[in-house]
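**Q** My structure is below; once you've seen it, I'll send some questions.
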Amino acid sequence: MTTGPLVSAIVPTYNRAGLVVRAIDSVLNQSYKSIEIIVVDDGSEDDTQVVLRRYGDRIKLLALKNSGPSAARNRGIEASQGEIIAFLDSDDIWLPNKLERQVDLLERAGQRVSCCLCNVTLMLAGGRSVSSFDLADINFNEEEAILLNAPEVLAARSVQFNQGVAVRRDVLERIGGFNEDLWCLEDYDLALRFSLTGKWALIREPLAIWYEASPGSLREKAMSEDVRLAKCYIETLERALSNTRCESNYANMRRQLRWQISSTRWLLQEFRLKRLGFRGAPVVSGLFRMLQRLRKAAYRRSPWFPRVRAVPLSLWA
């Protein structure tokens, strides 16, 4: 499959002159050719603009005053024309058949499927790698499948969303794109909202590569602000809980959200204890950490932890 609906590839970038070429080239090298590439420079202060202009009309270049990744992606969406939208951060890459596989599966699945998520290889600092589906306990037997219980699955674990997803434009516009008020976790917030829009198609093969070790990345910044990150996570979960409050169909999702909120509040206590500075603080903090790990491990083994319910496309259709 090399032709079909137009796909808009949205690539936000900020001070990535040395890496953005790798990302853009991975889109240009896709086996699926009906693609427009929209690169949004979010106020870079290095040579990113110089590098991007070398692509000429092979990309559509937008230049913004620095506003953050959510605003950059939303501006890219507004400038795009594709029926299907896919996102790629400027320090990551897609494998050559990523879009072809996803467009084909979305076409076969029909409009009841709002997005397609593929597995992603996570390249960790130190050279070790793991797949995003393994890390998130997204386990199913088929190479391609339809996820039947996306709301409770997404409420119980985060997924590598931006690099691995291709979504239907009409659905994305209906739910409002990325939340520009969030300083982090904007991808998880969008994933939770997308889980309420229809079934998801899944591809077990990793078709994108995410790199942990990129210097100056937003993830690096977020991980250095543990209390702020935990508070943002709680706020994101509470917002999802509020959005489904009147919906009887999402009782299982709300149960998972409440557990995650409770668990993260425990984590906040650990972070705060570490900062107190009294002599026994490291010991008490370590005890909190151990109890939290035991609690989480027990929960994942319990019957209340939602396992993935997925079926082959042929059985679901």
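Just so it is clear, none of the values below were taken in a lab; they were calculated from the coordinates. Note that the structure is a prediction, hence the values are computed from the model and not measured. Reconstructed Cβ throughout: ideal geometry from the backbone, glycine too, with neighbour counts over all protein chains shown.
**Q** Please report, in cubic angstrom per residue, the volume enclosed by the convex hull of the alpha-carbon atoms of the chain.
**A** So the per-residue Cα hull volume is 142 Å³.
**Q** Which links in K98/K199; K65/K231; K33/K60; K60/K98 stretch past 25 Å when you go from one Cα to the other?
**A** Beyond 25 Å between Cα atoms: K65/K231.
**Q** 222 nm [θ] for the chain, helices only, -39500 (n - 2.57) per DSSP H run of 4+, per residue, to 500? Please report the intermediate quantities before stating the final value.
**A** Values: 13 runs with 140 residues, N = 317.
Helices in the chain give a 222 nm mean residue ellipticity of -13500 deg cm²/dmol.
**Q** Taking only C-alpha pairs under 8 Å that are 6+ residues apart, what is the relative contact order of the chain in percent?
**A** Reported relative contact order: 19 percent.
**Q** Then there's this: List every residue whose amide H lies under 5 Å from the amide H of S44, counting only residues 5 or more places away in sequence or on a different chain, with H placed 1.01 Å from N in the peptide plane.
**A** Long-range HN contacts for S44: N15.
**Q** Considering every pair of different Cα atoms, what Kirkwood radius, in Å, is found for the stretch 1-108?
**A** It works out to 13.8 Å.
**Q** Please compute, for the alpha-carbon atoms of the stretch 123-167, the extent along each of the three principal axes and give them in descending order in Å.
**A** Computed over the stretch 123-167, the largest-to-smallest principal extents equal 36, 22, 21 Å.
**Q** Show me, for the stretch 157-173, the HN-Hα J-couplings you get by feeding each phi into the Karplus relation (A = 6.51, B = -1.76, C = 1.60, θ = phi - 60°), rounded to Hz, glycine and proline as x.
**A** Here the 3J(HN,Hα) series is 7, 7, 10, 7, 8, 4, 6, x, 10, 10, 10, 7, 4, 4, 5, 4, 5 Hz.
**Q** List K98, K231 from most exposed to least, where exposure is judged by having the fewest other Cβ atoms within 10 Å.
**A** Starting with the residue having the fewest Cβ neighbours, the order is K231, K98.
**Q** Would you kindly derive the ³J(HN,Hα) couplings of the stretch 7-18 from the backbone phi angles with the Karplus curve 6.51 cos²θ - 1.76 cosθ + 1.60 (θ = phi - 60°), listing them in order in whole Hz, with x for Gly and Pro?
**A** So the Karplus estimates, Gly and Pro as x, are 10, 9, 9, 9, 10, x, 8, 8, 6, 10, 4, x Hz.
**Q** Ok, one more. Quick check for me: using +1 on Lys/Arg Cβ and -1 on Asp/Glu Cβ, what's the dipole size of the chain about its Cα centre, in debye to the nearest 20? Write down the numbers at each step before the final one.
**A** Values: 44 positive and 38 negative charges, 301 e Å.
The dipole magnitude comes to about 1440 debye.
**Q** What is the mean projected area of the alpha carbon convex hull for the stretch 123-216, to one decimal in square nanometres?
**A** Spelled out: convex hull of the Cα atoms, projected over all directions, averaged, 7.0 nm².
**Q** Can you compute 3J(HN,Hα) from phi for each residue in the stretch 39-48, using the Karplus curve 6.51 cos²θ - 1.76 cosθ + 1.60 with θ = phi - 60°, rounded to whole Hz and x for Gly and Pro?
**A** Each residue's phi maps through the Karplus curve to give 9, 10, 7, 8, x, 4, 10, 9, 8, 4 Hz.
**Q** I need F305, F194 ordered by Cβ neighbour count within 10 Å, fewest first. Spell out each step's value before the answer.
**A** On the way: F305 16, F194 23.
Ordered by Cβ neighbours within 10 Å, fewest first: F305, F194.
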